[in-house]
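Trainee: Below are the structure tokens for one structure; questions will follow.
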Amino acid sequence: MSALVFRGCAVLLLIGGLAPAVAADGDGTSVQLRVGCVLASNSGREFDARLQELKPRFARFFRYTSYYLVKESREKVSLGGRMIFEVPGGRYLMLLPKERNSDGSVLMKVVLLEGSRPIVNTSVSLREHGTFLVGGPQTNDGALILAIGADDIGEK
């Protein structure tokens, strides 16, 4: 599934090799989630070195000339729990890891809220070391892109 960022609405990009993962805590009942908020714009040609791994994907799916990591968070979350990430501009991202699939991936609900209104409300299955991109909202000269992932999927 792929798409572009459209004015005023969030667009999902599912990138191959997705990766939220269960943290190696022995019984595999938690997930080490990571979220990055990236400002993509056409002001300049800077590329934040912390985003190097995502550079080919940004080039493939977006048409911006500059990418800067504005905010990042990592959190260990129990399966059945949640992580809330405040997105600059007054929106909130809620990640709810539900269960581990038989293939080792993690089923997760992803909800992007503007006030109490969900802009994005979907479920994804994320494999180890993959990334799920949510594009939007637009800014004056670009857009915010959310990069969602996780690491260290444990054994079932």
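Trainee: For the stretch 105-137, how many residues meet the condition of being crowded, with 17+ Cβ neighbours inside 10 Å and more than 13 Å from VAL87 (Cβ to Cβ)?
Mentor: 12
Trainee: Residues that are at pLDDT below 95: find the strands (runs of 3 or more DSSP E) completely inside the stretch 42-152 holding 3 or more of those.
Mentor: In the stretch 42-152, 66-78, 91-100, 106-114, 117-126, 131-138, 142-151 are the strands (runs of 3 or more DSSP E) which contain 3 or more residues that are at pLDDT below 95.
Trainee: May I ask you to list pairs of residues, at least six apart or on different chains, whose Cβ atoms are under 6 Å apart, with the first in the stretch 135-151 being under 16 Å from LYS71 (Cβ atoms) and the second being of a type in the set (Ser, Thr, Tyr) and modelled with pLDDT of 80 or more?
Mentor: GLY142/SER41; GLY142/TYR64; ALA147/THR131; GLY149/THR131
Trainee: Being in contact (Cβ under 8 Å) with a residue 60 or more places away in the chain and touching a Pro at 6+ places or on another chain (Cβ under 6 Å) is the filter; apply it to the stretch 71-110 and report the residue that is nearest to VAL31 (Cα to Cα).
Mentor: The qualifying residue nearest to VAL31 (Cα to Cα) is VAL106.
Trainee: Go through (1) under 21 Å from GLN32 (Cβ atoms); (2) touching a strand residue (DSSP E or B) at 6+ places or on another chain (Cβ under 9 Å); (3) small (Gly, Ala, Ser) for SER102 and report which single condition fails.
Mentor: Of (1) under 21 Å from GLN32 (Cβ atoms); (2) touching a strand residue (DSSP E or B) at 6+ places or on another chain (Cβ under 9 Å); (3) small (Gly, Ala, Ser), only one is false for SER102: (2).
The values are calculated or read from the model by the stated rules, or taken from the named source; none is laboratory data. This is a predicted model, so every value here is computed, not measured. Every residue, glycine as well, gets a Cβ built from its backbone with ideal geometry; the counts of neighbours run over all protein chains shown.
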